[in-house]
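The values are calculated or read from the model by the stated rules, or taken from the named source; none is laboratory data. All values reported here derive from a predicted model rather than from experimental measurement. Methodologically, a virtual Cβ is constructed for each residue, glycine included, from the backbone with ideal geometry; neighbour enumeration extends over all protein chains shown. Heavy atoms of the whole protein, side chains included, go into the accessibility calculation; ligands, DNA and RNA do not. Shrake-Rupley method; radii C 1.70, N 1.55, O 1.52, S 1.80 Å.
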Amino acid sequence: AGGTIKFGHDNKTDPFENPAHACTAVFSNLVQAGTNGSVNVEVFGSNQLGSAAEHVQQVRDGLIQATLTSTGALASYYPRIDVLNLPFAFAGNEATYKVFDGDFGKALAADIEASLGDVVVLGFPDTGGFFAVTNSQKPIANLEDFEGIRIRTMTLPSHQTIIQALGAEAYPLSWGEVYSGLQTGVIDGQMNPVPIISFANFSEVQKYLTLTNHLFSPYTFMINRAFYEGLSDEERATLHAAAENCVTASRGLSRIIESSERGLAGLMDAMEVTALDDAQREAMAAATQPAFEGHVNENLDEKAVELLTLFKAEVAKANAETYLD
Amino acid sequence: MWAGLAFVLLILFGMPIGFAIGLAGVVGLIDMGGTQFLSIGPSKIFNGLNIFPFLAMPFFILAGEIMNGIGITNRLVKLAQVLVGRFRGGLAHTNMLASVFFAGLTGSATADAAAFGRTLVPAMVKEGYKRDYACAVTAAGSIIGPTIPPSGLMVVYGSLMGVSIAGLFAAGILPGLVICLVCMTVIVIGGNRENLPKAARGATLKEVWSTFVSSLTALAMPIIILGGILGGVVTPTEAASIAVAYAVFIGVFVYRTLKLKAFYQMLVRTARITGVIFVIIAFAGILGWWMSFERIPQLIAENVLSLSDNRYAVIAIIIGLLLLVGMVMDITAILIILAPVLVPLTEQVGLEPIHAGIIFVLALNISLMTPPVGACLFVLSSVTGEKLERISIKLMPFLIAEISILFIFAFWEDAALLLPRFLGFAN
Amino acid sequence: MQTWARLASARINTITEAVVALLMLLLVLDVWLGVVDRYYFHWQLPWPEVMARYLMIWAAMLAISCGIARREHIGLTAFLNLWPKPFQRTVLVVMDLLALSLFVYVLWFGLSFAHSGASRQAMIFGLSLEPFYAAIPVSAALCSVQLALVLVRDLGTHLEFPTEEEAV
Ligand code: NA
Ligand code: NA
């Protein structure tokens, strides 16, 4: 038993800079200490070994053993991950913890493992929180304000569907051109989690930020199945415990970054920030959720529809719960 | 180290550089674990090319092909002749100046090299310049493209390292202009030795005017491209497609010199030139994966930097390291692999983030034209048919000049941060 | 044999170049469409950006074999020219064989790579990634064939008698 886990991810290699590396650093430390060094972890950050999607293939082929992958990168291997793009679902961050640690998280992990066949899912770490929308035209405070705004999305049909249902226009643009595209006005706006907006310096080229919180998109922490099955029961238990701490660390750091100079606090100095009131969120949910469900019914299979039903039920339950109550 | 040995031997014995990089990568993979890692190859090739901004390369090559074919280039050259032709090396100076204008349109040095390699180099050869010298001038000027904003490399650096991209853009303007001036000085100094041509007499005002009018359609091209970018119609990558569209429009409707058969040849030649460049990028992906997996860049960085912790020594070592690795590796790969290792060291010795950024960008831009692996050299060599080593020799004085500029801006913080401070991006 | 290799290489190359020209044309039209859509039609087409990358890869990969047929891939020649001609020719034949082995490697592993794309979605037109990944093995096969043919055609003499350059 034992061995080395080569762990690839596509973020900066500073545990205090981003949730992905915080997660891998915690995991690596706990695994090495907990197995007395019989399982070693080597982390390769910064896309050194390839893109997020390439990492998934490398884990599946056993070239590396573990990765944290975004939902966008996983989608080509596992299209059903798209159900996570249900817009305006979560009431707050704490609800996301409950949903991805609870019955839905388990069902999703089991379905990914069954579909891919060659990986084991160890958890769903935080990527940096909810999506926000920025633009250069006007403050967006309600549904009508989206009218005619041209927003950059990833090449992901569900994201386009959501933006269009809001009344805006959605154009896929390669990531490398987003900054200059926003600067010159090729597009008016874009959507991303707050830390990415801050890190990509979009406040230099965008005036308005709206805390839409319309999407939450966690990493999927996966490990090569053959490697995993080669470990002793004790080592596996250590891995699972370390993975749980990795997920916790990613959430803690995400909340800290959001509220630091590198997150919302910093952006508030540079941009006009708008939070949505409950009525507006409900109006946006009503406008986008049927369109999104139509997209799922049309483009994904029966299993995805089942998964979406479970997701909605679990989210509703988590939203209704109150902390320590 | 078998991969390194294989690379050197293959290069020495005339193996095309892209293939040598590919074989060295395969040797590295086998050295790493027999046949276990061989399956990574095709995926690295595909994903190494699967990058939208790379489109700027074939499109600017194609635009250059069409401009040549329909005679736009000739008109521009004639204009340059009547303006600065009376000076020794007038077209070489024109080439440098044109690079500054072009820099405002493009963020990539290879696009500049491709466009001028197709247009100005043939014009210079026709005028009596040696082809290797014409290529060297073009290569030296091409790095002004990604130094003066917009710059693709600065965008990658800024988003990777969390540094203000606008601040980096501001920091690039001054070095870009200085590079132009210093290279023009190099042209003047070398003018007699290279026996650069000059026109027998100056043009009359009437000649200047009529040439100006006849080249208006050509002169409008950069204005249309720049307008397209700044007006928010196209991204910097897509701008290359506007260049193609404009050249086709002029060729078909204005000059009526673009024939279907010639257009077919232009498409084929563009694809072949692109293939020659892309095969290098593609195979560099395999070699780069092996290097990353074995942590070779970090190993080099750690060892070299254990030598000193003096501010100037560390800067000099970083520049030396970047230029050294830059000789054999693709610059985007270097940026991704080395910046996270080296930038923390610049913080330790108290360098402003924007200052560190501009040092990185300048050093990597210069690496685009250092042999044996230099994208601008490859582009020029393949579009003009000139031998890589002959261009490299003629490039030497320009290279020394540009490296000196790099060191000046690296050591003299006030100069490097003059514009960023003025615009409020740095303290 | 050498004449046959020359003819075969040229004929395959003519066909390849025609395909490559078509792909280049589609590439240009695709990017234009993306711009015009965003600026004028507002159809919000999801595919031009993805399609551009895949067309570029297919065109460039196929064009590598055209470069081989015309000996356009660049190497250093200064060191090789120091040696006597028979040695130079032997080295160049060995280099061709090594390059051939590289492309056979890419072809062999490229087949399973392309096949792995069958179970992955391309996010456009409901296609899998297989037809796009196929660019790797198909072009590697073409490059291998062209390398074998030009090896026989030139037998290491291509430095002494360079293939005719197109006028610059
Ligand atoms: Na530029
Ligand atoms: Na170089």
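Going through region B:130-164 one residue at a time, which ones are aliphatic (A, V, I, L, M) and more than 13 Å from ligand 1 (Cβ to nearest atom)?
Those that are aliphatic (A, V, I, L, M) and more than 13 Å from ligand 1 (Cβ to nearest atom): B:Ala134, B:Ala136, B:Val137, B:Ala139, B:Ala140, B:Val156, B:Leu160, B:Met161, B:Val163.
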- Query: Where in region B:48-137 are there helices (runs of 4 or more DSSP H), lying wholly inside it, with at least 3 residues that are charged (D, E, K, R) and either within 16 Å of ligand 2 (Cβ to nearest atom) or within 14 Å of chain A (Cβ to nearest Cβ) (or both)?
  - Reply: none
- Query: When only residues in region B:349-362 that are within 14 Å of another protein chain (Cβ to nearest Cβ) and at pLDDT below 95 count, which is nearest to ligand 1 (Cβ to nearest atom)?
  - Reply: B:Ile354
- For region B:356-391, enumerate the residues that are more than 11 Å from ligand 2 (Cβ to nearest atom) and among the small types (Gly, Ala, Ser). B:Ala356, B:Gly357, B:Ser381, B:Ser382, B:Gly385
- Hey, does region B:55-74 have a residue that's open to solvent by 30 Å² or more (accessible area, probe 1.4 Å) and farther than 21 Å from B:Gly385 by Cβ? no
- Query: Right, B:Arg201: surrounded by fewer than 13 Cβ atoms within 10 Å (Cβ to Cβ) and modelled with pLDDT of 85 or more or not?
  - Reply: no
- Residue by residue through region B:303-341, note down the ones that are within 14 Å of another protein chain (Cβ to nearest Cβ), more than 16 Å from ligand 2 (Cβ to nearest atom) and either exposed (fewer than 13 other Cβ atoms within 10 Å of the Cβ) or small (Gly, Ala, Ser) (or both). B:Ala339
- Message: Looking at region A:121-172 only, could you name the residues that are within 13 Å of chain C (Cβ to nearest Cβ) and of a type in the set (D, E, K, R)?
- Response: A:Glu147, A:Arg150, A:Arg152, A:Glu169
- Message: So if I check each of C:Thr77, C:Thr90, which one is surrounded by fewer than 21 Cβ atoms within 10 Å (Cβ to Cβ), closer than 26 Å to B:Arg269 by Cα and in contact with a Gly (Cβ under 9 Å, 6 or more places away or on another chain)?
- Response: C:Thr77
- Note on the structure: Reported set for region B:385-427 where residues are of a type in the set (Gly, Ala, Ser) and open to solvent by 10 Å² or more (accessible area, probe 1.4 Å) is B:Gly385, B:Ser392, B:Ala401, B:Ser404, B:Ala415, B:Gly424, B:Ala426
- Exactly one of B:Leu181, B:Leu174, B:Leu168, B:Leu153 is within 16 Å of ligand 2 (Cβ to nearest atom), assigned to a helix (DSSP H, G or I) and under 28 Å from B:Leu351 (Cα atoms), and that one is B:Leu153
- Task: Considering each residue of region A:1-49, count those that are buried (at least 17 other Cβ atoms within 10 Å of the Cβ) and modelled with pLDDT under 90, and give that number.
- Result: 11
- Query: Scanning region B:363-376 for residues that are at pLDDT 90 or above and open to solvent by 10 Å² or more (accessible area, probe 1.4 Å), which turns out nearest to ligand 1 (Cβ to nearest atom)?
  - Reply: B:Leu368
- Task: Given the conditions (1) in contact with a Phe, Trp or Tyr (Cβ under 7 Å, 6 or more places away or on another chain); (2) more than 14 Å from chain A (Cβ to nearest Cβ), report the number of the one that B:Cys376 does not fulfil.
- Result: (1)
- Note on the structure: The residue from B:Leu267, B:Leu196 that alone is open to solvent by less than 30 Å² (accessible area, probe 1.4 Å), among the hydrophobic types (A, V, I, L, M, F, W, C) and touching a Lys or Arg at 6+ places or on another chain (Cβ under 7 Å) is B:Leu196
- Message: I'd like to check something: does region A:114-127 contain any residue that is aromatic (Phe, Trp, Tyr), crowded, with 24+ Cβ neighbours inside 10 Å, touching a residue at least 12 places away in the same chain (Cβ under 8 Å) and at negative phi?
- Response: yes
